[in-house]
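The values are calculated or read from the model by the stated rules, or taken from the named source; none is laboratory data. Computed from a prediction, not measured in an experiment: that's the story for all the values here. Note: ideal-geometry Cβ built from the backbone for every residue, glycine included; neighbour counts use all protein chains shown.
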Amino acid sequence: MSYKKRVPLLVLLDSCIVITAIFLGYFILHPSLHVYTIPLLWICAVSILVSHHLFASIYHLYQKAWEYASVGELLAIVKAVTFSIAVTAMIQYILTQDVYFRVLGITWMIHMILIGGSRFSWRILRDRYISPNPNKKRTLIVGAGSAGTMVARQLLKNTDTDLYPIAFVDDDPNKYKLQIYGIEVQGNSNDIPKLVEELSVENIVIAIPSLEKHEIKRIYEECAKTKAKTKIMPLIEDLVSGRVSVNQIRDVQVEDLLGREPVELDMSAISEKLTGKTVLVTGAGGSIGSEICRQIAKFQPQRMLLLGHGENSIYLIDMELKRNYSGDLEIIPIIADVQDRVRIFDVMSKYRPDVVYHAAAHKHVPLMEYNPMEAVKNNIFGTRNVAEAADTFGVKNLVLVSTDKAVNPPNVMGATKRIAEMVIQNLAKNSTTNFVAVRFGNVLGSRGSVIPLFKKQIEAGGPVTVTDPEMTRYFMTIPEASRLVIQAGALARGGEVFVLDMGEPVKIVDLAKNLIALSGYTIEEIGIEFSGIRPGEKLFEELLNENEVQAKQVFPKIHIGKAEPMAKEELYSIIDMLLKMDEVYMKETLVGVANTKFGEKTLLVGSV
């Protein structure tokens with residue numbers, strides 16, 4: 001019902017209730033009197049009627065959505081009714097020098113019962129007879145706290161959703177057997193499989209947004225024992241920031257099961273480095289580069305340079321940023337290849353960036369085994385061009401996006417990234433530019449990563465191919481990787497290699513099993529095949545070699561090691577000869593340089 005129709009109807013209903021309440025109150029105490037003939041009674045009736053509508057307006061009784069009525073609405077009714085009776089008592093005293101407390105007390109109770117009853121009866125009618133849909137899916141809510149309560153309420157009230165809550169589970173024993181909105185807490189998270197079976201549950205909603213990742217994983221493993229579809233409410237950071245609302249329940253994703261907590265940023269330090277500055281991102285159209293751009297834009301730089309050689313990818317991130325930050329940020333798309341030294345120097349000279357994030361690189365391990373020359377040109381010479389241009393034109397900070405594959409690398413891609421680290425470490429010794437590298441593991445959802453491949457295989461009906469049952473990798477999300485890169489820029493002092501504490505490595509086969517389950521299939525339906533280790537791959541990845549391992553963190557969840565690289569003259573001499581070598585000797589040289597005893601010498605610099 002529209003507002004214009006609802007208000008007159010409520011005013012009319014309340015008027016009838018007010019008149020009925022005072023006459024009924026007098027009649028209860030004086031049943032033998034003809035109450036309608038008493039002049040004072042009519043005066044009091046008019047007084048209560050006027051006062052009620054006055055206080056109803058003050059406390060917004062006619063603007064409230066009574067189908068969602070709760071304690072707040074009840075208090076508003078109590079105030080409006082009580083103050084209207086108090087005004088009437090004052091008028092009685094002025095006219096008669098007396099107050100009929102018994103009559104007004106009974107009138108107050110009848111007034112409260114009828115006003116409150118008329119409002120809350122609509123809520124009961126809606127909940128019991130209008131909203132319930134027998135076709136809705138029976139839903140178990142994990143978590144009977146404030147978030148779970150909000151989810152239950154939203155599901156009960158929202159007629160558009162196909163979920164209907166029938167029970168809670170919560171690990172707090174004090175909540176056992178309690179009822180919330182008529183829904184009982186029937187056990188803890190370990191009881192999920194049993195309750196799903198007993199109550200014929202079709203959906204499970206994990207409603208604890210502040211839950212740590214390892215707890216989400218544990219609860220999901222209990223849910224996975226059932227045939228019910230599991231969903232999860234948004235993360236607490238998304239709720240607080242307003243990006244999503246509590247009723248935007250989504251499917252559980254692989255990222256929820258990593259068992260790691262996201263990195264918290266030092267916002268003030270980052271703002272000092274980026275706000276009002278000119279920032280250049282190479283590889284800005286890639287998975288990591290584009291997310292770095294999104295994250296940086298939030299810190300209000302004056303100008304952002306999006307550099308990449310892929311026309312379409314640069315066009316997409318350029319349009320996205322201009323759409324979201326129109327008028328607040330100058331965005332300049334630059335089509336250029338980091339291998340083009342003259343072009344890179346021209347860009348640095350023209351725009352004079354304050355900060356450079358170098359994310360342009362070839363990163364696919366097997367492909368680079370087949371194309372070592374391209375890995376050398378892009379990852380080593382491209383980095384050298386960008387770094388030397390930054391040094392020449394006085395860039396304050398340059399952050400190299402590196403990889404865990406740069407540690408003791410047996411492959412071309414990892415070796416070229418380690419040598420790229422050596423290049424910027426050598427430049428850091430005598431430069432005013434702060435050069436740093438950031439290592440992290442595999443990024444979920446990035447181009448060429450295992451997750452998109454697994455999803456395509458599942459969509460095709462399987463099987464999912466895993467190289468080896470014992471292969472493990474460190475994983476993180478694209479936003480987390482980008483935040484680490486940005487945080488490293490704020491921590492930079494020159495020459496460091498920053499590494500995220502990525503928790504425990506994950507078995508690729510377990511990742512495949514989880515993704516199959518999250519897609520609504522069983523392992524038997526899709527199948528898993530082992531294809532064998534590909535060229536250049538390792539069974540286990542490392543984030544720091546044994547000489548660099550340092551237990552103490554330099555920032556929450558971030559470690560730092562300062563590797564002493566091969567001497568610049570020797571390193572550059574080898575680099576300059578690489579392009580003249582045949583591919584076999586080139587591979588041997590790359591791996592040899594990256595693993596040389598000079599490259600393994602480390603000087604640990606402690607905490608920042």
Subset tally (residues that are modelled with pLDDT under 50, closer than 18 Å to residue 498 by Cα and assigned to a helix (DSSP H, G or I)) for region 583-608
2
If we scan region 477-490, do we find a residue that is over 24 Å from residue 232 (Cα atoms), modelled with pLDDT of 80 or more and not assigned by TED's automatic domain parsing to the domain that holds residue 395?
no
Matching residues, region 307-324, being of a type in the set (Gly, Ala, Ser) and not in a helix (DSSP H, G or I):
308, 310
Evaluate region 281-291: report whether one residue or more is assigned to a strand (DSSP E or B) and within 20 Å of residue 353 (Cα to Cα).
yes
Every residue in region 398-410 that is touching a residue at least 60 places away in the same chain (Cβ under 8 Å) and in a strand (DSSP E or B), please.
399, 401
Among all residue pairs at least 6 apart or on different chains, which show Cβ distances below 6 Å where the first residue, located in region 160-188, is surrounded by fewer than 16 Cβ atoms within 10 Å (Cβ to Cβ) and the second is of a type outside the set (A, V, I, L, M, F, W, C) and assigned to a strand (DSSP E or B)?
162/137
Test result for residue 304, without any contact (Cβ under 8 Å) to a residue 60 or more places away in the chain, more than 19 Å from residue 361 (Cβ to Cβ) and in a strand (DSSP E or B)
yes
May I ask you to list pairs of residues, at least six apart or on different chains, whose Cβ atoms are under 9 Å apart, with the first in region 351-375 being touching a residue at least 24 places away in the same chain (Cβ under 8 Å) and within 14 Å of residue 420 (Cα to Cα) and the second being of a type in the set (Asp, Glu) and assigned to a loop (DSSP other than H, G, I, E, B)?
360/337
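Condition check ((1) in contact with a strand residue (DSSP E or B) (Cβ under 7 Å, 6 or more places away or on another chain); (2) surrounded by fewer than 24 Cβ atoms within 10 Å (Cβ to Cβ)) across all residues:
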site	(1), (2)
403	yes, no
409	no, no
413	no, no
421	yes, no
426	no, yes
430	no, yes
437	yes, no
441	yes, yes
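Residue by residue, here is whether (1) modelled with pLDDT under 90; (2) at negative phi; (3) assigned to a loop (DSSP other than H, G, I, E, B) holds:
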site: 147; (1), (2), (3): yes, yes, no
site: 151; (1), (2), (3): yes, yes, no
site: 155; (1), (2), (3): yes, yes, no
site: 160; (1), (2), (3): yes, yes, yes
site: 164; (1), (2), (3): yes, yes, no
site: 174; (1), (2), (3): yes, yes, no
site: 187; (1), (2), (3): no, no, yes
site: 194; (1), (2), (3): no, yes, no
Identity of the residue in region 332-390, small (Gly, Ala, Ser) and part of a helix (DSSP H, G or I), that ends up surrounded by the most Cβ atoms within 10 Å (Cβ to Cβ)
375
